[in-house]
Amino acid sequence: MKAIVITQPGGPEVLQIQEREKPQPAASEVLIKVYAAGVNRPDVFQRKGNYPPPPGAPQDIPGLEVAGIIEQVGQDVTEWKPGDAVCALLAGGGYAEYALTEAGHCLPVPVTFNHYDDAFARAASLPETVFTVWHNVFERGRLQIGEHFLVHGGTSGIGITAIQLAKAAGARVFTTAGSDEKCAACDALGADYSINYKTADFEQQLCDQGIDVILDMVGGDYIPKNLRLLREEGRLVFINTMKGSKVKGADEVDFSLIMRKRLTVTGSTLRNRDRAFKAALAAEIQQKVWPVLESGQFQTVIAATFPLAEAAKAHALMETSDHIGKIILLNQWP
Ligand SMILES: NC(=O)c1ccc[n+]([C@@H]2O[C@H](COP(=O)([O-])OP(=O)(O)OC[C@H]3O[C@@H](n4cnc5c(N)ncnc54)[C@H](OP(=O)(O)O)[C@@H]3O)[C@@H](O)[C@H]2O)c1
């Protein structure tokens, strides 16, 4: 099969097409013929050599999510059969003609997507962000109806998912994003108030709101601001620290805020969690989130599609941060 391989740590140009053996499913796995693969920021970090895949995952083929048709199932798999249309979370290896994953990490392509010509592209945009948002916002962050929720990076793949799932859960949603155009896109997805952090200080803008849950991927100087914005019993959930895991500069972190407001500071990374955890999360998501997706309350937002053969262009676009929503690769080769 053809695959996109990280030939060495570096820029987008290190992503190159190579021929690889078509993988064979182990007893609990399925082999998926990939129709579309989602691009996620962690793929960029992996390409640069900053996010090594966990043991057992494909080491040099990136790709954490795909949608396609099941081609083959392992001997213990009973819930899927060849021909089923699925989207799936992967530990890696999605940028290829075929990909393996655990049967329990697949979900059906939402039935309402069948109305669209690009159903697989839409479905491929879901797993990584839906799994991450569900676990971090609703399980770790325990977001409740009527609470105030702030997500930074509102137009990231994570952000568009978090805005919509939080709105569907009855929260009041605040976002930050890097341009007025991005803020307008967040508003169109249901955000109640979006702040262009390049022209306004989000802490000043939100200081009267009392935020219950913050999903943060930025870190750095956002950390003390986040702690100050949370109201009593608030929850701060980290999924990355793109501006650094340390606070530099004049502002300091006042940990007494955690005691005085009884805050919870938590976070997680999805990729290194074990198979059983991801399978349980998938089952929960099918029960709680799939009905939201199929109700029409949730829009997939695809910023751009590229042939898999042009994965380097997709990474270059992601690194401009100009995109709004998800970047998707289609199984097209020269
Ligand atoms: N922990 C987990 O399990 C997990 C899983 C998936 C993703 N993540 C993390 O979640 C984040 C979003 O992922 P994604 O795939 O949705 O990303 P994405 O679509 O590429 O979006 C990232 C956006 O973040 C904003 N941003 C703010 N500060 C930034 C900075 N210092 N550097 C770069 N971008 C910055 C940019 O938009 P603006 O113009 O608004 O600045 C950028 O477009 C990433 O940090 C990723 O590593 C974590």
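Could you list log10 I(q)/I(0) for region 129-267 at q = 0.09, 0.11, 0.16, 0.21 Å⁻¹, which the Debye formula gives when each Cα is one point scatterer? Cα-only, vacuum Debye calculation for region 129-267: -0.22, -0.33, -0.74, -1.35.
Relative to its Kirkwood radius, the Cα radius of gyration of region 50-122 gives an Rg/Rh of 0.99.
For the listed peptides 220-229, 153-162, a ranking on the average number of other beta carbons within 10 Å per residue, highest first, reads 153-162, 220-229. A simple spin-label model places the labels of Thr7 and Glu319 1.5 nm from each other, with each point 7 Å out along Cα-to-Cβ. Packing, taken as the mean count of other beta carbons within 10 Å per residue, orders the peptides 203-210, 238-245 from highest to lowest as 238-245, 203-210.
Full extension of the segment from Thr199 to Gln287, taken as 0.36 nm per residue of separation minus the current Cα-Cα distance, would add 27.6 nm. For the chain, the relative contact order works out to 18 percent when only alpha carbon pairs closer than 8 Å and six or more residues apart are counted.
Stokes-Einstein, applied to the Kirkwood radius of the chain over Cα pairs at a viscosity of 0.890 mPa s and 25 °C, places its translational diffusion at 121 µm² s⁻¹. Largest first and in whole Å, the equivalent-ellipsoid semi-axes of region 267-334 read 27, 18, 13, each the square root of five times a Cα gyration tensor eigenvalue. Working from Cα pairs under 8 Å separated by at least six residues, relative contact order for region 129-267 is 21 percent.
What does DSSP give for the chain in terms of the percent of beta bridges that are antiparallel, rounded to the nearest 5? Antiparallel bridges make up about 55 percent of those DSSP assigns within the chain. Protection proxy ranking, highest mean first, for peptides 289-302, 316-329: 316-329, 289-302, where packing is the per-residue count of other beta-carbon atoms within 10 Å, averaged. Counted by Cβ distance under 15 Å from Ala57, the other residues give a net charge of -1, where Lys and Arg count +1 and Asp and Glu count -1.
Listed cross-link partners Lys167/Lys313; Lys81/Lys326; Lys2/Lys33; Lys182/Lys243; Lys198/Lys261 are compared with a 21 Å cut-off, the Cα-Cα value being larger for Lys167/Lys313; Lys81/Lys326; Lys198/Lys261. Taken as entire DSSP H runs, the helices of the chain that both span 15 Å or more between Cα atoms along their own long axis and average 1.0 or more on the Kyte-Doolittle scale are 157-168.
Any read-out appearing in this document is the output of simple, stated calculations on the displayed coordinates, not a laboratory observation. Model, not experiment: these values are computed from the prediction. Positions of Cβ are generated from backbone atoms using ideal geometry, with glycine treated the same way; all protein chains shown enter the neighbour counts.
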